[in-house]
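The values are calculated or read from the model by the stated rules, or taken from the named source; none is laboratory data. It should be emphasised that the depicted structure is a prediction, and the values quoted were computed from it without experimental measurement. Cβ atoms come from the backbone with ideal geometry, glycine included; neighbour counts cover every protein chain shown.
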Amino acid sequence: MATRWGIVGAGKISHDFLTAMALLPEGEHRVVGVAARDPIRAGEFATSHKINKVYKNYQELAADEEVEVAYIGVVAPAHKDLVLMMLGAGKGVLCEKPLGLDLQEVSQMVQLAKEKNVFFMEAVWSRTFPIYDAIQQKVSSLGKAQNLVLTFGQANNHLPEERLAKKTTGGGTVLDWGVYCIQLALHIYNGDYPERVVASGLELNENGVDVALSVALYFSGARTATFVTDLRVDLPCEAHIATTGGQVKIHAPFWCPPSLTVNGVEEDFPFLTGEKHKFFFTNSQGLAFEAAEVRNCLKRGLKESPKMPLDHTLKIAKIQEEIKSQMGIKY
């Protein structure tokens, strides 16, 4: 039986998610309907992706008993209310990252999912890539990971009209890009929480969001993770893991990588191909891995993904909260 999806939001990421999901075996996934703030846009989206049902509003989607799991692909400030609505209606939820604007929001969502005993996952798609399983295996084979260094920078996102430059759309790097950096540190260090978080950066912009950030995470056993983010310029967007037995390099972009290099030997991890629409974002074919993970969890009766457990979601939010506190960022 197909996994039955309701799509919340008709923007670029929802487009990419459905385009990637269509690469999976026929009959595994079915989109029941779509809802968006703008019904005209929702209608155009439905036509493009051959979706039969367009809901008048989000509440109508939540009430549809045919929908098994909701994919939420709207801007971060709207996540909490929509997640709570869908969870409250007994729907499983896959919500784009960052899950919430602060730890309180994230905790509230996680708590309701557990109370309702329904599936809930933050859409950190990186964790579902086969290459991410390989990363852990390669690192383990080289001994103890001791130092992780990564960067995330894409030019011109600081310009006033850009989404990441505005607080009203959940801007700044600490939430949108920080989640990718932090999740990789947790992934490499087996979910351990850092003993100390040290953050610094440029002054906040006129909207009160961070433009460039440097963060050091110090873990027990003399293990470190350092990341730099920047809205203004392009950075390598690679990750380098130093272990007692050598180095693992995750090629750019490290959050959706096509390959890695272990002690100088490169290994490729191909994506699915044959998409019927153009993607808006880099390597969005990988979103198919995320859709497949949700289906696998639902078939097994799981309420959270072993690849991206809710414990990690809470730890990411807690680390982000500490960074925001040190930087004076408030949402």
Report yes if Phe17 is in contact with a strand residue (DSSP E or B) (Cβ under 7 Å, 6 or more places away or on another chain), of a type in the set (Phe, Trp, Tyr) and under 21 Å from Pro98 (Cα atoms), otherwise no. yes
Of the residues in the stretch 13-29, those that are among the small types (Gly, Ala, Ser) and in a loop (DSSP other than H, G, I, E, B) come to Ala22, Gly27
Qualifying residue in the stretch 242-257 (condition: of a type in the set (A, V, I, L, M, F, W, C) and farther than 30 Å from Leu159 by Cβ): yes
Which residue, of Phe279, Phe269, is touching an Asp or Glu at 6+ places or on another chain (Cβ under 6 Å) and not aliphatic (A, V, I, L, M)? Phe279
Are any residues in the stretch 1-28 among the acidic types (Asp, Glu) and crowded, with 19+ Cβ neighbours inside 10 Å, and if so, which ones? Asp16
Determine whether Leu164 is of a type outside the set (D, E, K, R) and closer than 22 Å to Leu231 by Cα. yes
Which residues, counting only those in the stretch 122-140, are in contact with a strand residue (DSSP E or B) (Cβ under 8 Å, 6 or more places away or on another chain) and over 27 Å from Leu103 (Cα atoms)? Ile131, Ala134, Ile135, Lys138, Val139
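Enumerate the helices (runs of 4 or more DSSP H) found wholly within the stretch 30-107, keeping only those where 1 or more residues are under 23 Å from the mean Cα position of the chain (by Cα) and without any contact (Cβ under 8 Å) to a residue 12 or more places away in the chain.
Per the criteria, 79-88.
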Counted residues in the stretch 110-124 being touching a Ser or Thr at 6+ places or on another chain (Cβ under 9 Å) and either more than 28 Å from Thr169 (Cα to Cα) or assigned to a helix (DSSP H, G or I) (or both) come to 1
Which one of these does Gln136 not meet: (1) farther than 23 Å from Pro236 by Cβ; (2) at pLDDT below 95? (1)
Residues of the stretch 31-74 being touching a Pro at 6+ places or on another chain (Cβ under 9 Å) and closer than 20 Å to Thr169 by Cβ, in sequence order, are none
Wholly inside the stretch 167-259, strands (runs of 3 or more DSSP E) that include 3 or more residues that are surrounded by fewer than 18 Cβ atoms within 10 Å (Cβ to Cβ) are 196-201, 212-219
Quick one: which of Ala317, Ala292 is aliphatic (A, V, I, L, M), more than 21 Å from Cys181 (Cβ to Cβ) and either buried (at least 21 other Cβ atoms within 10 Å of the Cβ) or at pLDDT 95 or above (or both)? Ala292
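Matching residues to (1) hydrophobic (A, V, I, L, M, F, W, C); (2) touching a residue at least 12 places away in the same chain (Cβ under 8 Å); (3) on the phi > 0 side of the Ramachandran plot:
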| residue | (1), (2), (3) |
| --- | --- |
| Phe129 | yes, yes, no |
| Ile135 | yes, yes, no |
| Val139 | yes, yes, no |
| Gln146 | no, yes, no |
| Gln154 | no, yes, no |
| Asn157 | no, yes, no |
| Arg163 | no, yes, no |
| Thr168 | no, yes, no |
| Gly172 | no, yes, yes |
